[in-house]
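This report refers to the structure that appears directly beneath it.
A short reminder: the numbers here are calculations on the coordinates, not readings from a lab. Please read these numbers as outputs of a predicted model, since none were measured by experiment. Cβ coordinates were reconstructed from backbone atoms using ideal geometry, including for glycine residues, and neighbour counts include every protein chain displayed.
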Amino acid sequence: MGKPRVRWLRLPLLKLSSNFRRCPFSKKSLLIASGCVVYLFLVVSHVGNSQPRHRDRRIGEDGNRRARGPDHRVDAQPESAGPSDAAPTRSNVVYITLRSKRMKPAHIRGTVRPKLRRKAKRTKATNAPITQNKLDSAELETGASWREISDARYKPLDLIQSSHDREAGTQASSIRIYSQRAPPWFSAQDLKTMRFLADAKVLRVREISRGGVPPLLMFEGETTAPLTNHKHSKRSAACGGQCGIIRSPVDNTEVFAFHLDRVLRLNRTPPAVSRKFSFLHDGQSCPVVSWDASLHSEANPTHLDTVRLTWGEYQNSLKQRCWQKNISPKPDSGCSTIHHHEWSKLALFDFLLQIHSRLDQSCCGFRPRQEDVCVEPGYRVACGDQDNLQLANIVHRKHEPRRLVFSSNKGFFDRNEDNLDFKLLEGIKEFPEQAMSVLRGRKLREKLLQSLFLDETFWESQGGRQGIDKLIDVIERRSNVLLTYINAHGIKVIAMDA
């Protein structure tokens with residue numbers, strides 16, 4: 001179909017070309033001249049018509065520019081510079097682009113600049129106890145007064161808090177709980193005590209001397225809710241109300257030990273939080289441990305109720321399984337008042353934190369460093385006669401003689417796995433099932449992160465999540481070593497009373 005149509009179109013063109021060739025030369029010249037005249041006429045007429053259009057368009061653009069203002073810019077299509085440039089299809093279209101305005105800051109009337117808060121003056125303090133001169137300088141700062149009671153065996157010092165501590169009761173609590181409820185391993189009493197230690201208004205600070213032992217630094221706080229059970233709480237000469245013991249910043253492991261104790265469901269450690277005092281340690285965060293009068297003897301309120309026991313007697317009590325199944329031991333058995341299961345919990349807790357001050361005070365189970373106390377002359381000499389080595393810091397409450405309390409929990413995170421103190425596990429044949437389920441279930445890191453996140457001051461003092469992860473890494477590696485030790489020695493995991 002296509003080829004016949006092409007042939008039909010070519011026939012007229014061929015006829016015209018053949019007729020043009022046959023015409024004489026004069027007719028050919030006339031036809032070409034007439035065509036040129038017609039072409040010139042069309043070109044002249046087109047140029048004459050295009051000039052008024054361009055003039056009208058410029059006038060319209062200038063009028064629009066004046067009406068719209070200086071912030072609008074008119075960009076028109078450029079005119080054709082030569083015959084090779086194609087003319088625009090729609091010459092009456094104008095392209096307008098808006099110029100972006102310069103944004104200026106809004107001026108709001110009636111605004112008031114916030115007042116700059118003045119920094120509270122700080123008195124430089126070291127780890128040494130508070131002295132008379134330091135308290136005098138604090139007295140000058142706060143306008144406070146302190147008095148000395150001469151009839152007591154310790155020197156109580158009343159120090160009104162600085163401006164930073166006055167605002168502690170009105171500011172947001174450093175114990176942060178963002179969910180509807182706290183982690184289940186914390187009791188309601190734990191949360192009350194933690195909030196008291198972290199946020200209570202400081203009424204006075206007391207320095208309690210203890211003979212040759214470094215003195216205790218204790219603060220008395222103001223709170224509206226009671227912290228302990230009225231049945232066993234008593235007002236002692238050391239603390240007339242609700243108090244907390246302030247320790248050195250280097251003892252921050254006390255706070256970690258408290259959270260580890262609650263995560264493992266041992267519940268043997270007094271609550272501890274991290275807090276900053278503007279008049280102590282240059283404002284560094286330091287651990288504050290809850291003061292419990294039931295842990296102290298009535299004869300001397302500064303000394304704990306401890307059980308005097310040697311290493312040999314301790315190993316003998318483990319073989320006797322004292323007080324197990326609520327069976328009273330024989331008088332000549334050599335048993336102490338501590339229940340048999342308590343030693344398993346203590347050994348587990350001390351091994352994870354490498355606390356040697358209770359069961360291995362002479363550092364006989366590992367290689368001590370030069371800065372350790374047990375390196376002093378006279379300590380390691382006793383390792384040759386281990387049965388006569390004295391245990392230390394075996395504490396219990398007066399109304400609970402069968403149950404241990406883990407106090408002074410100074411742990412060490414800088415010991416490698418090849419220098420762990422396995423002497424702490426010697427003689428232990430059982431471990432608590434509830435604590436071991438946390439270690440075996442690989443939930444230790446998750447629970448410790450949830451628990452330690454509550455204490456914002458401790459979290460930030462350790463470098464945030466990165467620093468906390470490093471501490472948990474150490475505990476996880478030790479827990480793996482402990483699990484291997486349990487499998488190698490055939491140690492049982494049994495249910496124990498909380």
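Some observations on this one:
- Backbone HN-Hα couplings from phi across the stretch 279-290 [Karplus 6.51/-1.76/1.60, Hz, Gly and Pro as x]: 9, 9, 6, 6, x, 6, 6, 9, x, 10, 10, 5
- Here's how it looks for Val493: its modeled amide H is under 5 Å from those of Phe431, which are all 5 or more places away or on a different chain.
- Per-peptide packing, taken as the mean over residues of other Cβ atoms within 10 Å, places 360-366, 183-189, 476-482, 419-425 in the sequence 360-366, 419-425, 476-482, 183-189 from highest down.
- Descending by average beta-carbon neighbour count within 10 Å, the peptides 457-469, 396-408 line up as 396-408, 457-469, the highest first.
- Scoring 319-332, 258-271 by mean Cβ neighbours within 10 Å over their residues and listing the highest first yields 258-271, 319-332.
- Residues whose amide H falls under 5 Å from that of Lys201, counting only those 5 or more places apart or on a different chain, are Glu222, with hydrogens built in the peptide plane.
- Check: the stretch 240-300 dipole with +1 on Lys, Arg Cβ and -1 on Asp, Glu Cβ, in debye: 220
- Relative contact order of the stretch 253-399, pairs being alpha-carbon contacts under 8 Å that are 6 or more residues apart, as %: 25
- Residues whose placed amide H lies under 5 Å from that of Arg275, excluding near-sequence neighbours: Cys286, Val288
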